[in-house]
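Here's the structure, in structure tokens; my notes come after.
The values are calculated or read from the model by the stated rules, or taken from the named source; none is laboratory data. Remember, predicted model here, so these are calculated numbers, not experimental data. All Cβ positions, even for glycine, are placed from backbone atoms using ideal geometry, and neighbour counts span all protein chains on display.
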Amino acid sequence: MTQTAKVNYHVHKPERQAFQLDAGGIIGNLIAPEMTPTEVKVRDARKSHVDTSFQDDAVAFASFPTAVPFAQGDDTWQADYDAELTELLTTKLDAREVIIFDHTIRVDDPDAVRKPARNVHSDYSPEGAEQRLVDILGAENAAEWSAGHYAFINVWRPIEAPINSAPLGFILPSSVSPEDWILLDLIYPDRTGQIMGLAANPDHQWIYMSKMTPDEVAYFNIFDNRGRPSIGHSALDMVEDPKITTVRKSIESRTLVRFA
């Protein structure tokens with residue numbers, strides 16, 4: 001089944017573009033580069049039985065209930081959730097070692113500190129991933145990991161209620177041209193990183209999982225040092241059922257995985 005959604009693609013420019021997060025020292029204040037709203041067709045993996053696999057498509061969906069009561073401003077749940085995610089990635093991907101280094105709760109509300117990311121992107125450039133590896137592990141351990149096979153993998157889960165609006169959508173890597181990617185700086189108050197934005201391309205094949213529940217997750221590749229493609233993704237501006245008014249809430253967990 002195919003639906004229609006709007007996304008914000010990035011725009012090729014001669015100069016380097018950047019996001020500024022918590023700009024001016026104001027938590028949640030975001031200054032973004034120019035983007036172009038675009039209507040895209042999106043296939044529902046649940047209804048059309050789109051058979052995606054992490055190995056081939058860099059994204060997969062799974063039923064994986066959690067016993068964790070998520071709460072902003074209270075991190076007592078993190079150790080338990082880290083253990084659950086380690087089990088997920090070890091089981092699904094045969095990971096040898098898993099490090100969970102960031103959790104972000106996003107709420108689709110104008111006053112939220114972290115809102116859904118409504119730009120088509122992937123979280124790291126190759127250079128940005130290599131620097132993040134050093135940031136997390138230190139130079140010596142990063143060199144050891146780099147000699148083997150490692151990846152940055154995100155795990156995304158709805159919280160509190162099924163997703164009715166702004167679901168997370170993905171572009172199948174096989175439909176992306178190398179020329180579609182745009183290097184972007186990500187400027188924080190205390191550091192600068194890099195991400196990859198995507199420019200519009202009518203060949204892009206978008207997928208999502210409709211009405212994902214808090215018992216389901218999407219796990220997807222954002223960098224792999226052995227060449228598995230990074231997957232472009234974005235919140236989709238669409239509504240499943242206009243009669244439902246629940247606010248879209250989710251948790252996004254960034255992980256670093258080492259393979260045997």
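Anything in the range 98-129 that is of a type in the set (D, E, K, R) and surrounded by 17 or more Cβ atoms within 10 Å (Cβ to Cβ)? List them, or say none. Write out each step before concluding.
Applying the first criterion (of a type in the set (D, E, K, R)) to the range 98-129 yields 102, 106, 108-109, 111, 114-115, 118, 123, 127.
Residues satisfying the conditions are Arg106, Asp108, Lys115, Arg118, Asp123.
Restricted to the range 2-57, and to residues that are outside any loop (DSSP other than H, G, I, E, B) and acidic (Asp, Glu), which residue is surrounded by the fewest Cβ atoms within 10 Å (Cβ to Cβ)?
Looking only at the range 2-57, we keep the residues that are outside any loop (DSSP other than H, G, I, E, B), and these are 2-10, 17-21, 23-25, 30-31, 35-44, 54-57.
So of that shortlist, the ones also acidic (Asp, Glu) come out as 39, 44, 56-57.
Numbers: Glu39: 9, Asp44: 18, Asp56: 14, Asp57: 22.
For the range 2-57, the residue satisfying everything is Glu39.
Return the total of residues in the range 1-33 being farther than 12 Å from Ile182 by Cα and at pLDDT below 95. If you could, list the steps in order and put the result at the bottom.
Restricting attention to the range 1-33, the residues satisfying the condition of being farther than 12 Å from Ile182 by Cα are 1-8, 19-32.
Going one step further and asking which of them are at pLDDT below 95, we end up with 1-3, 19-32.
Count: 17.
Restricting to the range 68-101, count the residues that are touching a Phe, Trp or Tyr at 6+ places or on another chain (Cβ under 9 Å) and outside any helix (DSSP H, G or I).
Looking only at that region, the number is 10.
Within the set of pairs 6 or more residues apart or between chains, which connect a residue that is within 19 Å of Val120 (Cβ to Cβ) inside the range 10-23 to a residue that is in a loop (DSSP other than H, G, I, E, B) with Cβ atoms less than 6 Å apart?
Between residues of the range 10-23 that are within 19 Å of Val120 (Cβ to Cβ) and residues that are in a loop (DSSP other than H, G, I, E, B), the close pairs are Val11/Glu34; Gln17/Pro33; Phe19/Ala32; Leu21/Tyr188.
Any chance you could count how many residues in the range 166-210 are part of a strand (DSSP E or B) and out of contact with any Asp or Glu (no Cβ under 7 Å at 6 or more places or on another chain)? Spell out the reasoning first.
Let us first name the residues in the range 166-210 that are part of a strand (DSSP E or B), namely 168-171, 181-187, 192-199, 206-208.
Checking which are out of contact with any Asp or Glu (no Cβ under 7 Å at 6 or more places or on another chain) leaves us with 168-171, 181-187, 193, 196-197, 206-207.
Adding up the residues that qualify gives 16.
Could you grab me the full set of residues in the range 239-254 that are assigned to a loop (DSSP other than H, G, I, E, B) and of a type in the set (Ser, Thr, Tyr)?
Within the range 239-254, Thr245, Thr246 meet the criteria.
Would you confirm whether any residue within the range 187-210 is touching a helix residue (DSSP H, G or I) at 6+ places or on another chain (Cβ under 8 Å), among the acidic types (Asp, Glu) and farther than 15 Å from His10 by Cβ?
yes
With surrounded by 12 or more Cβ atoms within 10 Å (Cβ to Cβ) and not acidic (Asp, Glu) as the only criterion, which of Thr86, Thr91 stands out?
On the way: Thr91 fails: surrounded by 12 or more Cβ atoms within 10 Å (Cβ to Cβ).
Of the residues listed, the single one that is surrounded by 12 or more Cβ atoms within 10 Å (Cβ to Cβ) and not acidic (Asp, Glu) is Thr86.
Within the range 133-154, take every residue that is among the aliphatic types (A, V, I, L, M) and closer than 30 Å to Ser250 by Cβ and give me the one that is nearest to the chain's Cα centre (by Cα).
Filtering the range 133-154 for residues among the aliphatic types (A, V, I, L, M) gives 133-134, 136-137, 139, 142-143, 147, 151, 153.
Within this subset, residues satisfying the condition of being closer than 30 Å to Ser250 by Cβ are 133-134, 136-137, 142, 151, 153.
Details: Leu133: 17, Val134: 21, Ile136: 19, Leu137: 21, Ala142: 23, Ala151: 14, Ile153: 8 Å.
Among residues in the range 133-154 that are among the aliphatic types (A, V, I, L, M) and closer than 30 Å to Ser250 by Cβ, the one nearest to the chain's Cα centre (by Cα) is Ile153.
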